[in-house]
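Right, one structure below, let's go through it.
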Amino acid sequence: MSTASSPPHAEIAALYVDHHSWLMGWLRRRLGSAAEAADLAHDTFVRMLIGKTQRRFCSVGEARAYLRTTAQNLCINLWHRQEIERAWLDILAATPEATYPSAERQAVVLQALEEIVRTLQSLSPKAARAFTLAVVCGMTDDEVGAELGISGRMVRKYVAQAMLACLSLNARQTAAELRQDGMLA
C-alpha cells in the first residue's frame, strides 16, 4: 500500500487515488444520490486527514473496510440530520406562516436539535428514552417507568443524567460563544 517512511498526507492521497471511485460507487448505491455520495466520500477522507492517529493498511480489503465503516457512520449521521430536518419541517407546516422564525433562526434551531440528538446518543438508550418520554412527551416518572420497565427512582436518575449532559452541552456552547466574542481566552 504505502511505505512506512511516506508522510501521512501522502498515504491519504494514495488511498484517495486508489479508492475514491470505489467509495463513491458504494455511497451512490447506498444513498441514491451522486451529490450526497460525493459529499460523504469527501468527508470520509477529511476525517482521515484530521484524525489523531495515522492509519496504515496491510491490504486493499483492510483499507476499504476502514473507508466503508467511516462512510457508513457518516451516512448514519446524514440520515439522523435528515430525520431531524423532516420533524422540524413538520413543525413548521403546522405553524402559521406569519409566526415562522427567520431562516437564520431556523438554522440555529436545526443545529441545536442535532447537537441535542448527539448528546442523547452519547447516553445509554434507556437514559435517552427516559429523558425523551419525561421531558418531551410530558409523561410522569411512573408512566415512564412502566413504559421502560424500571422504577420511578431510576427514571429520575436517567432524566438527571440526560439533563446534566444537556447542561454540559449548553456550557460548552456558551464558552465557545464567549471565546468567539473575545471575552474568554
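What helices (runs of 4 or more DSSP H) lie completely within the range 113-181 and have 1 or more residues being in contact with a Phe, Trp or Tyr (Cβ under 7 Å, 6 or more places away or on another chain)?
Where helices (runs of 4 or more DSSP H) fall fully within the range 113-181 and carry at least 1 residues being in contact with a Phe, Trp or Tyr (Cβ under 7 Å, 6 or more places away or on another chain), they are 125-131, 152-180.
Being hydrophobic (A, V, I, L, M, F, W, C) and buried (at least 17 other Cβ atoms within 10 Å of the Cβ) is the filter here, so list the residues in the range 129-144 that pass it. So that I can check it myself, show each step before the final result.
At the first step, the residues of the range 129-144 found to be hydrophobic (A, V, I, L, M, F, W, C) are 130-131, 133-137, 139, 144.
Scanning the range 129-144 gives Ala130, Phe131, Leu133, Ala134, Met139, Val144.
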*Residue in the range 120-139 that is without any contact (Cβ under 8 Å) to a residue 40 or more places away in the chain, over 20 Å from Lys157 (Cα atoms) and either in contact with a Cys (Cβ under 8 Å, 6 or more places away or on another chain) or hydrophobic (A, V, I, L, M, F, W, C) (or both) present*: no
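If you check Lys126 against the conditions, is it open to solvent by 60 Å² or more (accessible area, probe 1.4 Å), under 23 Å from the mean Cα position of the chain (by Cα) and at pLDDT 85 or above?
Numbers: open to solvent by 60 Å² or more (accessible area, probe 1.4 Å): yes; under 23 Å from the mean Cα position of the chain (by Cα): yes; at pLDDT 85 or above: yes.
Answer is yes for this residue.
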*Please state which one of Arg55, Arg30, Arg105 is farther than 29 Å from Leu120 by Cβ and more than 17 Å from the chain's Cα centre (by Cα).*
Arg55
*With respect to Thr44, determine if the residue is closer than 24 Å to Cys166 by Cβ, open to solvent by less than 60 Å² (accessible area, probe 1.4 Å) and at pLDDT 85 or above.*
no
_Single match in Leu113, Leu167 (criterion: in contact with a helix residue (DSSP H, G or I) (Cβ under 7 Å, 6 or more places away or on another chain) and either of a type outside the set (Ser, Thr, Tyr) or farther than 30 Å from Asp18 by Cα (or both))_ = Leu113
*Could you please tell me which pairs satisfy a Cβ distance under 8 Å, a separation of 6+ or placement on different chains, a first residue in the range 152-181 that is of a type outside the set (S, T, N, Q), and a second residue that is outside any helix (DSSP H, G or I) and at pLDDT below 80?*
Ala175/Leu184; Leu178/Leu184; Arg179/Ala185
*Can you name every residue in the range 145-170 that is within 24 Å of the chain's Cα centre (by Cα) and open to solvent by 60 Å² or more (accessible area, probe 1.4 Å)?*
Gln161, Met163, Leu164, Leu167, Asn170
_Those residues of the range 89-112 which are surrounded by 14 or more Cβ atoms within 10 Å (Cβ to Cβ) and under 25 Å from Leu27 (Cβ atoms), in sequence order_ = Leu110
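Can you pull out every residue in the range 27-44 that is in contact with a Cys (Cβ under 8 Å, 6 or more places away or on another chain) and within 17 Å of Tyr16 (Cα to Cα)?
As a first pass, look at the range 27-44 and keep what is in contact with a Cys (Cβ under 8 Å, 6 or more places away or on another chain): 27, 30-31, 40.
Leu27, Leu40, listed by residue number.
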*So Ile50 fits all but one of (1) of a type outside the set (D, E, K, R); (2) free of Cβ contacts under 8 Å to residues at least 24 places away in the same chain; (3) under 30 Å from Gln173 (Cα atoms); (4) open to solvent by less than 60 Å² (accessible area, probe 1.4 Å); what number is the exception?*
(4)
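The values are calculated or read from the model by the stated rules, or taken from the named source; none is laboratory data. Bear in mind that the values here come from a model prediction, so they are computed numbers and not experimental data. Virtual Cβ from ideal backbone geometry, glycine too; neighbours counted across all protein chains shown. Ligands, DNA and RNA are excluded from the accessible area calculation, which covers all protein heavy atoms including side chains. Shrake-Rupley method; radii C 1.70, N 1.55, O 1.52, S 1.80 Å.
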